[in-house]
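Have a look at the structure below, then the notes.
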Amino acid sequence: MKPRLVNLVWLLTFAALATLPQVLTVKYYLHLSILALIWVIVAQGQNLIQGFTGYVSIVQAGFMGIGAYGSTLIGIHYGWPIWATMTAAPLITALFALLTGYPSLRVKGHYFAIVTMAFNLIIVIVLVNFRELTRGEAGISNIPKPWDGGRDAYFYLALILAAGTTLLAALISRSRVGEILRAIRQNEDLVGAIGIAAWKYKLFAFVISAMYAGLAGALYAHFQGFINPEIFGVAQSLDAILAVILGGSGTIAGPVIGAFLVVFLPELLRFADSFRLILYGLILVLATIFMPIGIVGVAKTLLAKVHRLGVRHDR
């Protein structure tokens, strides 16, 4: 698709999403839409390290937890205003990512995934056992909200942040950094052979993905008003991976589509009652096997075929 057409599609998508608070009569669906927009931020961060760089990280939900607890605890213990704590959350998460990223990125493939999963488990264990600070499994309730404007105002905040992080991901993708990240995904040894310090770019992608997760975690905490360690476990990190795979790994639109699927699909399957999770798991497995390039990848392939048929017809 031409760049102007792509930009037009994005603008129309943003405009359509902006009308949801007025269109949705059931407020529960607006609640789910806010959660989906938060997951767009998480998935875009996951896509930077997984889709662009080729490293599957299983710690995204753990970084969400650091952002959520960081923003909440700074506000409780130091009296910082909410906007300041939400701004600090991704910076705190970036610090943790810097400390853990370099040793983690020294390994590749499945080993990297296992190391990051171990970090996620450690984060959850600390959150559960450091009760004096985190209140353990009981969690923290009555987390203040930025304002009393209700779900509509929060929806627009989530939409602006999701749009901003998506735009930043697009700019990174089109930059020299994005080209190097994709080169690392294709052949990391060759990137090193031509004199590029691949570890710097991998660390950059890992830290930025963590910052995305930290921002999403803070947004989630102040939206829900309650957090506990269970919300930020390995299962939620796997949801971030699935959102990228389902939507289209290495694309900008893919994480947006995947995030909405991960949030809404289990709800749409509620008619199945006790079989809901089984059906959800089956759909995810089948989609991963038969659509490895994701929904965006399938759409691009179909558009390319239609274009080729049009060219032949013109001849």
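Of all residues in segment 242-291, which are modelled with pLDDT under 80, in contact with a Lys or Arg (Cβ under 7 Å, 6 or more places away or on another chain) and open to solvent by less than 30 Å² (accessible area, probe 1.4 Å)? Within segment 242-291, just Leu269 meets the criteria.
Cβ-Cβ contacts under 7 Å between residues 6 or more apart (or on different chains), taken from a first residue in segment 17-44 that is assigned to a helix (DSSP H, G or I) to a second residue that is among the charged types (D, E, K, R), are listed as Pro21/Asp152; Lys27/Arg151; Leu30/Arg151; His31/Arg151; Leu32/Glu267; Ile34/Arg151. Here is the figure for segment 160-209: residues that are open to solvent by 70 Å² or more (accessible area, probe 1.4 Å) and under 18 Å from the mean Cα position of the chain (by Cα) total 5. Pick out, from segment 63-146, the helices (runs of 4 or more DSSP H) lying fully within it that include 3 or more residues that are within 13 Å of Ala210 (Cα to Cα) and out of contact with any Phe, Trp or Tyr (no Cβ under 6 Å at 6 or more places or on another chain). It comes to 82-104, 109-129. When you scan segment 124-136, do you find a residue that is within 19 Å of the chain's Cα centre (by Cα) and over 17 Å from Thr53 (Cα atoms), even just one? Yes, segment 124-136 has at least one match. Against the list (1) open to solvent by 10 Å² or more (accessible area, probe 1.4 Å); (2) touching a residue at least 40 places away in the same chain (Cβ under 8 Å), the condition Thr72 fails is (1). Tyr28 meets the stated requirement of being aromatic (Phe, Trp, Tyr) and surrounded by fewer than 24 Cβ atoms within 10 Å (Cβ to Cβ). Name the residues in segment 100-115 that are touching a residue at least 60 places away in the same chain (Cβ under 8 Å) and within 19 Å of the chain's Cα centre (by Cα), would you? The answer is Gly101, and nothing else.
Rundown of residues vs (1) out of contact with any Cys (no Cβ under 9 Å at 6 or more places or on another chain); (2) open to solvent by less than 10 Å² (accessible area, probe 1.4 Å); (3) at pLDDT 90 or above, yes/no style:
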position	(1), (2), (3)
Ala68	yes, yes, yes
Pro90	yes, no, yes
Phe96	yes, no, yes
Leu121	yes, no, yes
Val124	yes, no, yes
Asn129	yes, no, yes
Glu132	yes, no, yes
Trp147	yes, no, no
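Filtering segment 33-58 to residues that are more than 11 Å from the chain's Cα centre (by Cα), aliphatic (A, V, I, L, M) and either open to solvent by less than 10 Å² (accessible area, probe 1.4 Å) or closer than 25 Å to Asn129 by Cβ (or both) leaves Ile34, Ile58.
Look at (1) out of contact with any Leu (no Cβ under 8 Å at 6 or more places or on another chain); (2) modelled with pLDDT under 90; (3) open to solvent by 60 Å² or more (accessible area, probe 1.4 Å) and you find that Met1 fails only one, number (1).
The values are calculated or read from the model by the stated rules, or taken from the named source; none is laboratory data. All figures in this text were calculated on a predicted structure; none of them were measured in a lab. Because the Cβ atoms are built from the backbone with ideal geometry, glycine has one as well, and the counts that use them run over all protein chains shown. We work out accessible area using only protein heavy atoms, side chains counted, and drop any ligands, DNA or RNA first. Shrake-Rupley method; radii C 1.70, N 1.55, O 1.52, S 1.80 Å.
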